[in-house]
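Report on the following structure.
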Amino acid sequence: FGVIGLETARGVVLTFSVHEGRLRRKDLVRRMGCAPARILGLARKGTLAPGSDADATVVDPRRAWTVPARFRSLSRNSPFRGLRLRRRARATIVSGRIVHAL
């Protein structure tokens, strides 16, 4: 059906771009959060400014993780299966509410 992308994107970019010095962390936030929201015209997304929707991902900077063989989604295709990535997501916050936590 396709390759899993969202579940591994942040970890892959952090591991292979930010930690290897190819991309600054603030540029990662801008490119994966602020810019897509701006391009799609979603004024209340991609920022934590007053009046925004307060969507965020809480990341544990000390915890690594291995890309699993199975994900929550139905797709199972991933070229990153078994790869060790840095900085594990610990929680997802949408509109100021925790919707997923490890």
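Scanning the range 40-82 for residues that are touching a residue at least 24 places away in the same chain (Cβ under 8 Å), of a type in the set (A, V, I, L, M, F, W, C) and closer than 21 Å to VAL3 by Cβ turns up TRP65, VAL67, PHE71, LEU74, PHE80. Assess whether LEU42 counts as being outside any loop (DSSP other than H, G, I, E, B) and among the hydrophobic types (A, V, I, L, M, F, W, C). So LEU42 fails the test. Of the residues making up the range 22-33, those that are farther than 15 Å from LEU6 by Cβ, part of a helix (DSSP H, G or I) and open to solvent by 50 Å² or more (accessible area, probe 1.4 Å) are ARG25, LYS26, VAL29, ARG30. Might you let me know whether the range 3-21 holds any residue that is part of a loop (DSSP other than H, G, I, E, B), surrounded by 12 or more Cβ atoms within 10 Å (Cβ to Cβ) and modelled with pLDDT of 90 or more? No; the residues of the range 3-21 include none that is part of a loop (DSSP other than H, G, I, E, B), surrounded by 12 or more Cβ atoms within 10 Å (Cβ to Cβ) and modelled with pLDDT of 90 or more. A single member of ALA54, ALA43, ALA49 is hydrophobic (A, V, I, L, M, F, W, C), at negative phi, open to solvent by less than 80 Å² (accessible area, probe 1.4 Å) and out of contact with any His (no Cβ under 9 Å at 6 or more places or on another chain), and it is ALA49. Is one or more of the residues making up the range 73-84 within 14 Å of the chain's Cα centre (by Cα) and either on the phi < 0 side of the Ramachandran plot or open to solvent by 60 Å² or more (accessible area, probe 1.4 Å) (or both)? No, the conditions are met nowhere in the range 73-84. In the range 59-72 there is at least one residue matching the filter, namely being in a strand (DSSP E or B), of a type in the set (Phe, Trp, Tyr) and at pLDDT 90 or above.
The values are calculated or read from the model by the stated rules, or taken from the named source; none is laboratory data. Owing to the predicted nature of the structure, the values given are computational and were not obtained by experimental measurement. Every residue, glycine as well, gets a Cβ built from its backbone with ideal geometry; the counts of neighbours run over all protein chains shown. With ligands, DNA and RNA removed, areas are computed over all heavy atoms of the protein, side chains included. Shrake-Rupley method; radii C 1.70, N 1.55, O 1.52, S 1.80 Å.
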